[in-house]
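Notes for the one structure printed next.
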Amino acid sequence: MTNTCNILSEGTTRVFTEALITDSGEPDPEFPEVPQLLIEQLPDEGMVYLLGSRASQRRYGLTHGDS
């Protein structure tokens with residue numbers, strides 16, 4: 001299996017999908033004892049999990065090749 005990633009060309013792009021989602025309606029579990037850290041406080045080895053985020057790319061100028 002190959003995962004080829006490209007950047008879309010300029011212009012209009014339409015993406016269609018269909019999904020069926022089942023939810024119990026129960027709230028997600030909460031873990032108030034677990035601290036929420038700022039990105040700057042995360043360990044370096046965790047950065048690989050953030051590289052796919054466009055927010056990380058915009059904020060830090062990161063791309064996959066920078067890791």
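The values are calculated or read from the model by the stated rules, or taken from the named source; none is laboratory data. Computed from a prediction, not measured in an experiment: that's the story for all the values here. A quick note on method: Cβ atoms are made from the backbone with ideal geometry, for glycine too, and the neighbour counts reach across all protein chains shown.
Suppose we filter 22, 4 for residues that are assigned to a loop (DSSP other than H, G, I, E, B), at pLDDT 90 or above and of a type outside the set (Asp, Glu); which single one remains?
Details: 4 fails: at pLDDT 90 or above.
Criteria check complete, one pass: 22.
So that you can scan it fast, the table gives a plain yes or no per residue for (1) at pLDDT 90 or above; (2) surrounded by 10 or more Cβ atoms within 10 Å (Cβ to Cβ); (3) within 22 Å of the chain's Cα centre (by Cα):
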position	(1), (2), (3)
9	no, no, yes
14	yes, no, yes
18	yes, no, yes
39	no, yes, yes
46	no, yes, yes
